[in-house]
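In what follows, a structure is listed as structure tokens, so that the remarks can point back to it.
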Amino acid sequence: MRGVVSSRRGSDAERAVRQAEERAREATAEAVRLRRALDALAPAVVVCDESGRVVLRNRQTLELGTARQAASLVGAAVDELLVRAGQGVTATRTLELLGPPPRTLVITTAPLRHDGEQVGTVAVIDDVSERRRLEAVRRDFVANVSHELRTPIGALGVLSETLSEEEDPAAVRRLASRIGAETERAGRLIADLLDLSRIEAEGSMPGEPVGIAAVLAEAAERVRHVAEGRQVIVKVAEDAAGPEVRGDRGQLVSSVVNLLDNAVKYSDAGSTVDVGARCESGWVEIRVRDQGIGIPSRDLERIFERFYRVDRARSRDTGGTGLGLSIVRHVASNHGGEVRVESHEGEGSTFTLRLPESS
């Protein structure tokens, strides 16, 4: 009988050990899943137990403060709010870090409860810098569009009112001509806005191989009328026939058209705008060189911004919308390339659209 009891006790003990081992494995697997899940989240997360000791943090917490001062500010704010969370208070604080680069962090802390008892605290640190930047860009964009459209629309209103009261045929023709010009200006702005919106929405473009010679020829033909009207010669290099890039032909033509249109409108009568392409270390470089007024050095870093104009008076006289170079920059980005500019006042400018060569 004792042997049977002893055997039964041994069996129960083995079963208990197996169950404990199984629970330990499940707890370990659950902890691993939780850590991997936290690492997959964009915000930084810090979890503390009921005594305030940190028991879990994801890898994003390591990237919070690349600078010592930033790390100190973030750490102090998190510690302070976690103390309040330990007292049962949910709190939120926004930190503006000067950088560089400047960053905006939103810290949220809260108590963790189970069965009515507080078992710990959690802090979530969300980097909203890019979100804030995009919101600012959107606000500026809407404000700029409203401003740019207000000018031709306001002019159309004044001109039409004047025209309705005018009886002199010569004056009527002059006013009608100005109405046509303002209408065309508003149309160009809307067309450029739609073009920019489409190019931004399309994003990266793997596409098909596109011959650069055909792109340059089409772009030159599309600006021919404007160039002839300003008595500017657009000269396409004959050695541009070889290179190919992979991408969207329409976007590439649009980018070169904008570079040529910009060069023509800022060149004097009788001058030449040269466009060509060459291969260099796996890259295709499309270069547009003019003999125009050039760009002041203080403006070189801003000319690719939407609606930025170096010479606003001349830009409006030539019908510029301030969006052409922004379109070029987005096309370059969509194709994995970049756009560069070299310019000196009074000596002209050279824009280089640099794109990966089709393999």
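For this structure, a couple of remarks:
- When VAL89, VAL78, VAL106 are checked against the criterion of being farther than 20 Å from GLN118 by Cα and modelled with pLDDT of 85 or more, VAL106 stands alone in meeting it.
- ARG138 being surrounded by 12 or more Cβ atoms within 10 Å (Cβ to Cβ), among the charged types (D, E, K, R) and assigned to a helix (DSSP H, G or I): no
- Here GLN291 meets the list (1) modelled with pLDDT of 85 or more; (2) assigned to a loop (DSSP other than H, G, I, E, B); (3) surrounded by fewer than 17 Cβ atoms within 10 Å (Cβ to Cβ) almost entirely, failing just condition (3).
- Unique match (being more than 24 Å from VAL284 (Cα to Cα), in contact (Cβ under 8 Å) with a residue 24 or more places away in the chain and either under 21 Å from the mean Cα position of the chain (by Cα) or not assigned by TED's automatic domain parsing to the domain that holds ASP261 (or both)) among LEU189, LEU159, LEU194: LEU189
- Taking the criterion of being at pLDDT 75 or above, in a helix (DSSP H, G or I) and acidic (Asp, Glu), the residues of region 196-225 that qualify are GLU218, GLU221.
- Residue in region 242-260 that is touching a strand residue (DSSP E or B) at 6+ places or on another chain (Cβ under 7 Å), among the polar types (S, T, N, Q), in contact (Cβ under 8 Å) with a residue 12 or more places away in the chain and on the phi < 0 side of the Ramachandran plot present: yes
The values are calculated or read from the model by the stated rules, or taken from the named source; none is laboratory data. Computed from a prediction, not measured in an experiment: that's the story for all the values here. With ideal geometry, Cβ positions are generated from the backbone for all residues, glycine too; neighbour counts draw on all protein chains shown.
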